[in-house]
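The values are calculated or read from the model by the stated rules, or taken from the named source; none is laboratory data. None of these values were measured; they are calculated from a predicted model. Here Cβ is always computed from backbone atoms with ideal geometry, including for glycine, and neighbour counts include all displayed protein chains.
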Amino acid sequence: MTNAMKTRLFFLTLVVAMLSSVSLLAQDQRSATPTQYQYDRYDGQWPAGEGILYSYKDGLIIGTFSKGKAEGRCVCYKPNGEVYWGDFKKGKQTGNGRIYRDNGIVMSGQYKNGKYHGLDTLYRSNGSVFVGKYRKGRLKSRVDVKDEAIYARPEYPRVDLKRKQEDFLKELELIWEERNIHLREKAGLISPKFQGGDINDFALWVNSQVKYPESLAARDVSRTVIVEFTVMKDGALTDVHALFGSDPILNEAAVNAVKGSPRWTPGEHKGEKRSVRMTVPVVFTNE
């Protein structure tokens, strides 16, 4: 592994620790910076007008803002692959909107304060449809669907994100994963171990194994692919897939590298072995 790869990997795997000592507020001097969260960044008109909020709590929000909060029609990208298109009020999903998940599920209907509230339609990945009335995120009653054909699945209105926006979501994925690890350990869950070490040790191992595809050598690009996987009770890895990555060839190479992992020491919860989902950054460089 080259020094450049080690440097980039170190940043990606230890980004949470670095955030405690390095302020990100100086990265964008073109506009005023929001103060709701210490490390939020903002592009555009502030505190009102069109803009883009890079929030370490809420995700990437693109749309219109009022008094420093999302207001009106916006799109919100979360690092777990969830995308919300619809109305916001005072920074919360309120009004009509749709949530698209990377597993093929779509929830379309009414929202209030970030939760399902009203009449909502669930489009399952198998093509079936469920309609229900919700209150504060909880299902209150089911609405009979006599003809599912009239409930056509809403198309996903894709938007090409800029490179720094994609990088922010990758960075945020790692931060959320670190937070989840902390919460799991606080709840008595022992994280899986790789050869006696943690996810950082696995990141070093997998990045020493991955090879830059020869078919991309002429492109002179460096890319990072976030790979998600599950460590099973027997220590084997399963459900390995690229969570974030813009190039299918690199995605496949990253997934294959992770699949080649030796067995782990499985995670535990109160003395019982448990399957645990994890993510790792795989860095590609042709240096």
Sole miss for G118 among (1) of a type outside the set (D, E); (2) on the phi > 0 side of the Ramachandran plot; (3) loosely packed, with under 13 Cβ neighbours inside 10 Å is condition (3)
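Out of the residues in the range 73-108 that are small (G, A, S) and more than 17 Å from K57 (Cβ to Cβ), state the one that is surrounded by the fewest Cβ atoms within 10 Å (Cβ to Cβ).
Restricting attention to the range 73-108, the residues satisfying the condition of being small (G, A, S) are 81, 86, 91, 95, 97, 104, 108.
This time we only want the ones that are more than 17 Å from K57 (Cβ to Cβ), so: 81, 86, 95, 97, 104, 108.
On the way: G81: 15, G86: 21, G95: 16, G97: 22, G104: 12, S108: 20.
Only one residue fits best here, namely G104.
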Look through the range 189-204, keep the residues that are under 13 Å from R263 (Cα atoms) and over 22 Å from the mean Cα position of the chain (by Cα), and return whichever of them is surrounded by the fewest Cβ atoms within 10 Å (Cβ to Cβ).
G196
Is it the case that the range 208-227 has a residue that's exposed (fewer than 15 other Cβ atoms within 10 Å of the Cβ), in contact with a strand residue (DSSP E or B) (Cβ under 7 Å, 6 or more places away or on another chain) and assigned to a loop (DSSP other than H, G, I, E, B)?
yes
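Would you be able to tell me the number of residues in the range 16-72 that are in contact with a Pro (Cβ under 9 Å, 6 or more places away or on another chain) and either surrounded by fewer than 17 Cβ atoms within 10 Å (Cβ to Cβ) or modelled with pLDDT under 85 (or both)? Show your work before the answer.
Keep residues of the range 16-72 that are in contact with a Pro (Cβ under 9 Å, 6 or more places away or on another chain), which gives 32, 34, 40-42, 46-47, 53, 55, 59-60, 65-69.
When the remaining residues are screened for being either surrounded by fewer than 17 Cβ atoms within 10 Å (Cβ to Cβ) or modelled with pLDDT under 85 (or both), the result is 32, 34, 40, 46-47, 66-67.
Qualifying residue count for the region: 7.
Among the residues of the range 112-129, which ones are under 20 Å from G86 (Cα atoms) and under 26 Å from the mean Cα position of the chain (by Cα)? I'd like the intermediate steps shown before the answer.
Here is the first cut: in the range 112-129, the residues under 20 Å from G86 (Cα atoms) are 112-124.
K112, N113, G114, K115, Y116, H117, D120, T121, L122, Y123, R124 - these are the residues of the range 112-129 that are under 20 Å from G86 (Cα atoms) and under 26 Å from the mean Cα position of the chain (by Cα).
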Being at pLDDT 90 or above and part of a loop (DSSP other than H, G, I, E, B) is the filter; apply it to the range 256-272 and report the residue that is farthest from F194 (Cα to Cα).
G260
Grab the strands (runs of 3 or more DSSP E) fully contained in the range 91-167, keeping just those with 1 or more residues being hydroxyl-bearing (S, T, Y) and at pLDDT 85 or above.
92-100, 106-112, 115-123, 129-135
